[in-house]
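Engineer: My questions will all concern the structure given below.
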Amino acid sequence: MDVVNLKYHYLFWKMTHYLIKHKRYRVLNLSREQDEIWLESTELKEPDIIRLRLKDLDWGGWVKRDIELTSQNAERIRKKRHKRRLKLKNLYISTYPPVDDEGNLFGVQATERERNVIESLLVDEAAGTETLNNDDLFSEGDWDLPEDVLEAHVEWMKNNALSASNEQLQTERKLFQRGKPLFTYLFMAIQVIMFLVLEMNGGSQNPQTLIEYGAKYNPLIIEGEWWRLVAPIFLHIGLLHLLMNTLALFYLGTAVEKIYGRTRFVLIYLLSGIAGSFASYLFTTNLSAGASGAIFGCFGALLYFGVLYPKIFFRTMGTNIIAVIILNLAFGFTIPGIDNAGHLGGLTGGFLAAGIVSVPGVLRPVRQLLVLLLSVLLVGAFYVNDQQASPSEWDVNTLNGVAQEKISNQEWEEAEKLLSDVVDNGSPNAETYFYLSYAEIKLGDSLQAKDNLITALDKRDDFHEAHYNLALLLADSGEYDDALIHAEKAYELNNQEEKYKELINQLKERN
């Protein structure tokens, strides 16, 4: 091992301590001889990498080869970090410069088509610490050295640097260890319990059972059942759906709860689940349920952690998290039946919820207040826009569902008014005319009901309920032959309905 003046051993470790403690660099690698150390910035600032080399330099050829090897190592780091560009500061701490240095060994060098920029500096006895005092990165440090440096001084400074590095590692580990993920396991248990409840009461894939237990169903939400934005978080459609979401919750929920703590995790999970249900309500009409929105909210919370700690995020899990999000969204857009609106709503809700509560120990009230205001404005804008939409602008399936609910509640006039508006101004389908005819029958307008049933059958001739209701109206008006034709058509389309067969027999007896 080359012998270097103790003063420069001391300076080597003092620079290391300064970079770790004050500039928040972390140790990437320390050589076995402890004369070379590589450090990486933990924040979004340059240089990305710093390399310190303690050596008495002799010949310029060695320096050139060393800079070339340093450049190759920098390229490996750049590729591993998936960075487009990497800036490295390469410092040599030496008693004297190389004997054949002609002033062109040190300086800035661009390599690999300028993807890596390496700045090499020499700190030696001739320049003293002036090189450090004039450098932007080191200018804030105190580089006055003792006149007489003993080995004890060097050892003390080395221990300070290594202790600072160890404290930094412990602080980073604490970011991922904020207690046991109690509520993750609780939410998993609730999912399983609710699945068993659904299975014992008609089946988790039975639409009526799902609606009864709180699935997202737009017509009932329009009617004021806003609690259906919360309940779907804990309901699942089929065993595979439950298993996939429970497994995802196990991995993502535990990570988020360890980072944010229990209370913040509960808020993030529920708010992102509600955001996913709300987005699904706004942009899709399908009956839906599942924890997918809340699980995507966990992705959003991890992305917000990446905003606060970008270097730690990408060094640990960032690339994998982003890849999984993209993969899941791609599946959602290509495979039918997946509620991508709920996924995107949950992802956005999780990110915003994490921005509101923040990570424990990171208090940024202005940013948190702005995120809260943005969230309120977004929800308010979508809600107001939804409330201002007239029934004729609703999706026809949603409108028919609302009408069906009103009919089941015997609100005949409200149903008739709602459906007539859509017939006059919207895009009605066969079901729209059928429900309108039913409301009209209850209101005593049989003639108009008959016309609407005929229109419904013009749009869909296989509508067996419409054939049956039209047969009843025709029979009431004495048109028995036509009534029999429609009754037989209804029975042909659905021979499981005994009332269709009974009506046919009655009509045949009358004839």
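Engineer: Any residue in segment 365-391 that is within 22 Å of Asp421 (Cα to Cα) sitting within a Cβ distance under 9 Å of a residue that is at pLDDT 80 or above and not in a helix (DSSP H, G or I)? List the pairs, counting only those 6 or more apart or interchain.
Structural biologist: Qualifying pairs under 9 Å: Ser390/Gly426; Pro391/Gly426.
Engineer: When residues of segment 152-182 are filtered for being closer than 23 Å to Val27 by Cα and either touching a residue at least 12 places away in the same chain (Cβ under 8 Å) or acidic (Asp, Glu) (or both), how many remain?
Structural biologist: 16
Engineer: Residues Ser292, Ser277: which one is on the phi < 0 side of the Ramachandran plot and touching a His at 6+ places or on another chain (Cβ under 7 Å)?
Structural biologist: From the options Ser292, Ser277, the qualifying one is Ser292.
Engineer: Answer with yes or no whether Ile93 is assigned by TED's automatic domain parsing to the domain that holds Asp144 and either buried (at least 22 other Cβ atoms within 10 Å of the Cβ) or in contact with a Gly (Cβ under 9 Å, 6 or more places away or on another chain) (or both).
Structural biologist: It is true that Ile93 is assigned by TED's automatic domain parsing to the domain that holds Asp144 and either buried (at least 22 other Cβ atoms within 10 Å of the Cβ) or in contact with a Gly (Cβ under 9 Å, 6 or more places away or on another chain) (or both).
Engineer: I'd like the full set of residues that are of a type in the set (S, T, N, Q), closer than 21 Å to Asn400 by Cβ and in a helix (DSSP H, G or I), limited to segment 202-250.
Structural biologist: Matches in segment 202-250: Gln208, Thr209, Asn218.
Engineer: Taking the options Ala490, Ala475, Ala456, name whichever one is touching a Ser or Thr at 6+ places or on another chain (Cβ under 8 Å) and either without any contact (Cβ under 8 Å) to a residue 40 or more places away in the chain or of a type in the set (Val, Ile, Thr) (or both).
Structural biologist: Ala456
Engineer: What number of residues within segment 49-86 satisfy the criterion of being outside any helix (DSSP H, G or I), surrounded by 20 or more Cβ atoms within 10 Å (Cβ to Cβ) and under 37 Å from the mean Cα position of the chain (by Cα)?
Structural biologist: Residues in segment 49-86 being outside any helix (DSSP H, G or I), surrounded by 20 or more Cβ atoms within 10 Å (Cβ to Cβ) and under 37 Å from the mean Cα position of the chain (by Cα): 4 in total.
Engineer: Please identify the pairs in which a residue from segment 319-346 that is in contact (Cβ under 8 Å) with a residue 60 or more places away in the chain has its Cβ atom under 6 Å from the Cβ atom of a residue that is outside any loop (DSSP other than H, G, I, E, B) and surrounded by fewer than 17 Cβ atoms within 10 Å (Cβ to Cβ), counting only partners at least 6 apart or on another chain.
Structural biologist: Ala341/Phe283
Engineer: Another one. Only one of these is surrounded by 13 or more Cβ atoms within 10 Å (Cβ to Cβ) and in the same structural domain as Ala275 (by TED's automatic domain parsing): Leu196, Leu247, Leu235. Name it.
Structural biologist: Answer to the check: Leu235.
Residues are listed down the side, and each one gets a yes or a no for (1) of a type in the set (Lys, Arg); (2) within 30 Å of Gln170 (Cα to Cα):
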position	(1), (2)
Arg24	yes, yes
Leu30	no, yes
Glu36	no, yes
Glu40	no, yes
Ile50	no, yes
Ile67	no, no
Gln72	no, no
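Engineer: Let me ask something else. Within segment 338-416, which helices (runs of 4 or more DSSP H) (wholly inside it) include 2 or more residues that are crowded, with 21+ Cβ neighbours inside 10 Å, under 21 Å from the mean Cα position of the chain (by Cα) and assigned by TED's automatic domain parsing to the domain that holds Leu308?
Structural biologist: 340-357
The values are calculated or read from the model by the stated rules, or taken from the named source; none is laboratory data. This one's a predicted model, so the numbers in the text were calculated from it and none came from an experiment. Here Cβ is always computed from backbone atoms with ideal geometry, including for glycine, and neighbour counts include all displayed protein chains.
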